[in-house]
Structure formats: C-alpha cells, structure tokens
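This report refers to the structure that appears directly beneath it.
Since every read-out is calculated from the coordinates, none of them should be taken as a lab result. In this text, all values refer to a predicted model and were calculated from it rather than measured experimentally. Reconstructed Cβ throughout: ideal geometry from the backbone, glycine too, with neighbour counts over all protein chains shown.
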Amino acid sequence: MKILVTGGLGFIGSHTVCELLKENYEVVVADNLSNSSIDVIDKIKTITGKEIVFYNCDVCIEESLEEIFKKEQIDAVIHFAAYKAVGESVSNPIMYYENNLISTIKVCKVMKKYNVKRFVFSSSATVYGSPKTLPIKEDFPLSTTNPYGTTKLMNEKILEDICLSDSDFSVVILRYFNPIGAHESGLIGENPKGIPNNLMPYIVRVANKELKELSVFGNDYNTHDGTGVRDYIHVVDLAKGHIKAIEKATNSTGVNIYNLGTGTGYSVLDLVETFKKVNNIDVPYKIVDRRPGDIAECYADPTKAYEELGWKAELGIEDMCKDSYNFILKQNKK
Ligand SMILES: NC(=O)c1ccc[n+]([C@@H]2O[C@H](COP(=O)([O-])OP(=O)(O)OC[C@H]3O[C@@H](n4cnc5c(N)ncnc54)[C@H](O)[C@@H]3O)[C@@H](O)[C@H]2O)c1
C-alpha cells in the first residue's frame, strides 16, 4: 500500500514515515521544507534502512499535486502539512487560513480526481477550546480561541462535508494532545527555528544554555502545583497511532474522530522537574504572569482510540524528557 504523507519531513510526519516504513508501507512524501530540512530524508533512511520517494512540493498547488498522483499509485493520504504556531496565526491569520485550508482542499480535490478515498487528518486538542469538564471526550463541544485552531475546526468541517457528499470516502481525524519527545536514535525530533513557542523545545534550549531561563506562565491556576496541566504524548506513540488510523480509514467509510493523548495530565513544573532528574541537568525558571488565552488543564480521554483502533500510548514522561534532550545533544554534536 502506498501512502502520500504531506508534511512528511516535519516533526510528527518524519516519525510517522519511520513507523510506516517499519510496517512495510511504501511512502511518498510531499513537503515544501517551509518548516523542515532536506537532511531528514537521510536520517529516515539511516533509521529504517528504507527509501522514500520525495517531492519538494507546495501542496496548495494543484498542478504539483497532480504530478504526484499521475506518477504514483497513491492508495491513501496522511495530511500533516500546515502551519502550527498559535501566536503567528494571531498576527498573520491570512497566511494560516491560506496554507491550512487551501492545502486540504487541493489535496482532497486531486484525491477525488484520482479516485483515492482514504484520508487521515492532523487535528488538535485546541478544537475543544476551554472544556467545561475533564478528561476530554471526542463528543465535547468544539470552539476555538485563535486562527490556527479555527483552521483545524474548519478543516474538520470540510472533511465531514466531503464524506457526506461521497459515501465511499473515509476520513480519520486525529486530535493530538501535546506531542513531545523524539526518536530514540536522536536523529529526528523537534528543532523549531527561532525562539520556541512550545514548552519542551524551550526547556531543552534552557538546559543547553542557549536560552537563559524558562518563563512559567502563572502558578495560580487551580491545579496541584498552580501551573498549567497538559497531556504530553511521546511523538513515537503518536506516530504509531497513524498506522492504526490508516488501517481504520482502509476498513471504513465516513468520518471517524479520535483523541490521541495519554489520558494523564502533567503540570509545567512536573515536566521541568522530571527533565532535570532524568537528564541530570539544571533548568532555571522564573514564574511570570499568566499568558492570555491559556487554560488551566487539558487532558484526553483516549478510551475511544483504544476501543476502536487498539491504540494506546506506551511511553511515559521520563522517556519524553530523555529523548527530547538526547535529540538536541546529537544535533549539537554534528
Ligand atoms: N506539534 C504539535 O504540537 C501539534 C499539535 C496538534 C496538531 N498538530 C498538527 O500536526 C501536523 C504536523 O505538525 P508538526 O508538529 O509535525 O509540524 P511541522 O511544522 O514540524 O511539520 C509540518 C510540515 O509541513 C510542511 N508544510 C507546511 N505547509 C506546507 C505546504 N503548503 N506544502 C507542503 N509542505 C508544507 C513543513 O515544511 C513541515 O515539514 C500539523 O498539521 C499541525 O498543525 C501539531
């Protein structure tokens, strides 16, 4: 079975490509390198001993996609390609709506033309807005607080409408919680350009003395230590969820939606303390004001993914902290 992976050189995409190759899928990657590097192709080869077919392609451009579908016999698509920085989406919403919506529309349009009807979509826990209760189930009310989140919700709606119009089409929507960690080889991981927006890449850079200290946004939330609680999930567990999603998309029609999280929440300080302990390194931090728009707690109920896909997260917070740091140490040794 041949899978087109859009955004397949990015953080989650590259780990998923490794899992797909491990399971003997053929993989075609389309990525425009807007947030990734061409070296990832060699690293995937070193990890898996297998080759991928790569197209340096903007998936918003229909003609470029057509070229791929003409040459390759694609059976299914996993669509990661998108911009993902919440703050940037607030300051540049047009860029986010353009890339994150047009990419999905064009990919689906070309899929329809070439009669490819299996689609897995990267959504996010951000579509739950500020949940009234926890843990979060898939049927909770949806709302968003920033343009990035709105692009995810709009994409979900577009995909539902496509399935309503075509009873053979199959979409699996995966709502990720907070992916961190890296491949155990230390060859692939998350290495954002500029100052990181997310907690783990920031912690890693403070530990590595590239940044002075971590700012913890608020310690007066109603949580066990006052800092924000999130459901961190190891990126390799998340990647494995996509194998199950492809199987589901192959064996069903219509839209199926799953939370991919561990079901356990950890606070900012839990993460910092675990990171310090497992890597035996200091992470200086200071408490600052809450950040507007942040919620106190967010964690998944992943039962549906376990019952219907047979998937559950296996790696713990210590593995996540160890692997995130190992990746950065390996990067710096090059
Ligand atoms: N990382 C997270 O915390 C998180 C959480 C929830 C959902 N998601 C979603 O998961 C997906 C993957 O996230 P990630 O963390 O791997 O991000 P990433 O930025 O590392 O990967 C995205 C990849 O898509 C590519 N890309 C972007 N626009 C493109 C386009 N128009 N054409 C071709 N390639 C394009 C980028 O070059 C990059 O390689 C995204 O859709 C993101 O919104 C991520």
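With all pairs of different C-alpha atoms in the average, the Kirkwood value for the hydrodynamic radius of the range 56-129 is 13.3 Å.
Could you work out the mean projected area of the convex hull around the alpha carbons of the range 1-140, in square nanometres to one decimal? All intermediate terms of the calculation are to be shown ahead of the outcome.
Details: hull surface 38.6 nm².
Averaged projected area of the range 1-140's Cα convex hull equals 9.7 nm².
Using the beta-carbon distance between ASP39 and ASP220 and R0 = 35 Å, what value does 1/(1 + (r/R0)^6) give for FRET efficiency, to the nearest 0.05? That gives a FRET efficiency of 0.20. Note: the range 110-245, Cα convex hull, 171 Å³ per residue.
Estimated purely from DSSP H runs of n ≥ 4, each contributing -39500 (n - 2.57), the mean residue ellipticity at 222 nm for the chain is -12500 deg cm²/dmol once divided by its residues. Simple spin-label model, 7 Å along Cα-to-Cβ: ILE287 to GLU63 in nm? Result for the modelled spin labels: 5.8 nm.
Near the amide H of LEU260, within less than 5 Å, lie the amide hydrogens of ARG175, TYR176, PHE177, all on another chain or at least 5 residues away, with H placed in the peptide plane.
Stokes-Einstein diffusion of the range 177-249 at 4 °C, 1.567 mPa s viscosity, Kirkwood radius from Cα pairs, rounded to a whole number: 89 µm²/s.
Here the range 290-334 is assigned +1 on the Cβ of each Lys and Arg and -1 on the Cβ of each Asp and Glu. Its dipole about the Cα centre then comes out at about 500 debye.
With kT/(6 pi eta Rh) evaluated at 25 °C and eta = 0.890 mPa s, and Rh the Kirkwood radius from Cα pairs, the range 1-66 diffuses with a coefficient of 209 µm²/s according to Stokes-Einstein.
When the range 123-273 is described by a simple charge dipole with +1 on each Lys and Arg Cβ and -1 on each Asp and Glu Cβ, the residue from GLY129, PRO141, PRO201 located farthest towards its positive end is PRO201.
The calculated Kirkwood hydrodynamic radius for the range 180-318 is 16.6 Å, given to one decimal from all distinct C-alpha pairs. Here is the size of the range 147-221 from its Cα atoms: Rg then Dmax, 18.5, 55 Å.
At 10 °C and a viscosity of 1.306 mPa s, what translational diffusion coefficient does Stokes-Einstein give for the chain, taking Rh as the Kirkwood radius over Cα pairs? Give it in µm²/s as a whole number. Mind dumping the intermediate values first?
Details: Rh = 20.2 Å.
Calculated translational D: 79 µm²/s.
Evaluating 6.51 cos²θ - 1.76 cosθ + 1.60 at θ = phi - 60° for every residue in the range 190-199, the Karplus couplings come out as 10, 9, x, 6, x, 6, x, 8, 9, 4 Hz, glycine and proline recorded as x. For the range 225-289, the C-alpha radius of gyration sits at 1.60 times the compact-globule guess of 2.2 N^0.38 Å, with N the residue count.
Rounded to whole Å, the principal axis extents of the Cα atoms in the range 99-168 read 42, 25, 16, largest first. Computed 3J(HN,Hα) for the range 40-49, one whole-Hz value per residue from the Karplus formula 6.51 cos²θ - 1.76 cosθ + 1.60 where θ = phi - 60°, is 4, 4, 5, 5, 4, 5, 5, 5, 9, x, glycine and proline marked x.
Extending 7 Å from Cα along the Cβ direction at THR303 and again at LYS71 yields two label points whose distance is 4.8 nm. Using R0 = 22 Å, the C-beta based FRET efficiency linking SER165 and ASN115 works out to 0.90. If only the Cβ of Lys and Arg carry +1 and only the Cβ of Asp and Glu carry -1, the dipole of the chain around its Cα centre is close to 440 debye. Using a cut-off of 19 Å between Cα atoms, the listed pairs LYS22/LYS113; LYS112/LYS304; LYS112/LYS152; LYS109/LYS137; LYS2/LYS117 include LYS22/LYS113; LYS112/LYS304; LYS112/LYS152; LYS109/LYS137 as exceeding that distance.
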